[in-house]
Each structure stands twice: as structure tokens, then as C-alpha cells.
Amino acid sequence: MSDRQPWDQASDEPSLWFRHFERYRLLGANRNVLAAYNSLRDEKGKHHVTRPPQTWYNAHKAWDWEKRATAWDAHCLKLAAERIESERVDALTQGFAVKAERIQALNDLAETLLAEVSDRGRRWLMDVKSIGAGDNAERVETEKFNAPLVHEFRGLLDDIAAEVGGRVNKTDVTSGGEKIKGYVVTSVTPDQWDEEDGE
């Protein structure tokens with residue numbers, strides 16, 4: 001089976017005309033014979049014309065320039081789509097896009113914060129207040145609970161629980177027109193009560 005692609009040189013295609021086809025092909029979606037011919041004239045430092053020689057149109061038809069260039073366009077689109085898909089898969093399977101990586105990072109951070117929360121000097125912060133005014137002012141040292149640190153630690157634990165599915169969100173359930181937060185209400189008839197009691 002031949003690996004030759006439609007945009008490759010045909011067996012009966014002269015090299016000169018294949019080079020002209022290549023020029024035509026690489027012009028992209030807005031290509032045409034006139035643009036290809038004038039690009040050649042640009043290289044030679046000649047002015048543009050409004051119509052190329054008939055031989056260019058003959059070659060365009062004889063060696064299916066349009067069909068082959070369209071096949072090239074489709075090939076390029078396929079390669080671009082494959083590259084985009086590969087990059088998408090890479091993005092979703094690397095780094096923090098991977099659940100285990102996120103959990104590990106959260107665990108590491110939680111360990112760091114736990115060490116700080118466990119350290120009394122970080123959990124309780126020294127604070128200085130002034131009582132009174134003027135000459136009667138007195139400087140008093142106090143301890144202030146480091147609530148933001150504990151809040152961050154608890155937030156990390158919530159994040160880890162959310163990642164591993166360890167927290168079930170409570171749902172408001174309506175029963176008889178009343179919302180009961182955190183409970184699931186089911187209707188049970190007196191007959192079912194008897195059955196459950198074994199009667």
C-alpha cells in the first residue's frame with residue numbers, strides 16, 4: 001500500500017509544475033491560480049498581472065490542484081484537532097487537574113497548618129492594649145486567639161473532604177409545608193408502623 005498523499009508529486013507531474021502546485025497549496029484557504037502566479041512574480045521582482053498564462057490553468061486542471069490542496073487543508077485540520085485533543089488530555093491528566101494531586105497538595109498544606117495550629121504560640125497571639133489615657137495609661141499584654149489560622153485549617157479539612165466525597169450536603173426537605181433542614185422526611189402509614197413493629 002502506497003504512503004503517497006494526494007498533495008505529493010504525481011508520477012506524471014513535472015517537477016516545475018509540482019513546485020508551482022506547492023506554491024498554490026501553501027497559499028491557504030484563499031488560494032487561487034492568479035495569486036500563486038503573482039507570488040512567483042513577486043520573487044522575481046516583477047509586477048503583478050491580472051491573468052496568469054493559460055498553461056497555469058491547464059496544470060491546475062490536469063493535476064487536480066484544487067482537490068489536492070483541499071486534501072492538504074483537511075490533513076492540517078485533522079492534525080490541529082489531534083494536537084488540541086492531546087493538549088486537552090494532557091491538561092486534564094497532569095498537575096492539579098488530577099484529583100490525587102489536589103488531595104496530596106491539600107494534605108501537605110493541612111500538615112503545615114496543623115503544626116501551626118498545634119503550636120500554642122501560633123494559636124494564641126500576644127496583643128498589647130492601652131488602658132486609660134494620658135499619664136494614667138497603662139500598657140497591658142493580652143493573648144488573642146488566632147481565629148483566622150484555625151479557620152483556614154478547618155477550611156482545608158472541608159476541601160479535602162469535598163475532594164474525597166466525605167461530606168454529604170444536607171438538603172432542605174419540605175414536609176407538610178415546613179422545611180426541615182438536615183433531615184429526610186418520609187411518609188409512613190400506621191399500617192407500616194405495625195409491620196415494622198412485627199405485628
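What the table shows:
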{"quantity": "Answer from 56, 72 - the residue that is in contact (Cβ under 8 Å) with a residue 60 or more places away in the chain, surrounded by 11 or more Cβ atoms within 10 Å (Cβ to Cβ) and closer than 30 Å to residue 21 by Cα", "calculated": "72"}
{"quantity": "Subset of the range 6-27 (residues that are within 15 Å of residue 70 (Cβ to Cβ), in contact with a helix residue (DSSP H, G or I) (Cβ under 8 Å, 6 or more places away or on another chain) and in the same structural domain as residue 68 (by TED's automatic domain parsing))", "calculated": "21, 24, 25, 27"}
{"quantity": "Among (1) surrounded by 14 or more Cβ atoms within 10 Å (Cβ to Cβ); (2) of a type in the set (Lys, Arg); (3) closer than 30 Å to residue 159 by Cα - the single one residue 23 does not satisfy", "calculated": "(3)"}
{"quantity": "Pairs where the first residue, in the range 139-159, is assigned by TED's automatic domain parsing to the domain that holds residue 120 and closer than 12 Å to residue 106 by Cα and the second is of a type in the set (Lys, Arg) and surrounded by 10 or more Cβ atoms within 10 Å (Cβ to Cβ), C-beta under 8 Å, 6+ apart", "calculated": "158/167"}
{"quantity": "Given (1) modelled with pLDDT under 95; (2) among the aliphatic types (A, V, I, L, M); (3) outside the structural domain of residue 165 (by TED's automatic domain parsing), index of the condition residue 59 fails", "calculated": "(1)"}
{"quantity": "Boolean, residue 18 is modelled with pLDDT under 95 and of a type outside the set (Ser, Thr, Tyr)", "calculated": "no"}
{"quantity": "Among residues of the range 97-129, those that are exposed (fewer than 12 other Cβ atoms within 10 Å of the Cβ) and more than 22 Å from residue 149 (Cβ to Cβ), counted", "calculated": "3"}
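The values are calculated or read from the model by the stated rules, or taken from the named source; none is laboratory data. If you're wondering where the values come from, they're calculated on a predicted model, not measured in any experiment. Here Cβ is always computed from backbone atoms with ideal geometry, including for glycine, and neighbour counts include all displayed protein chains.
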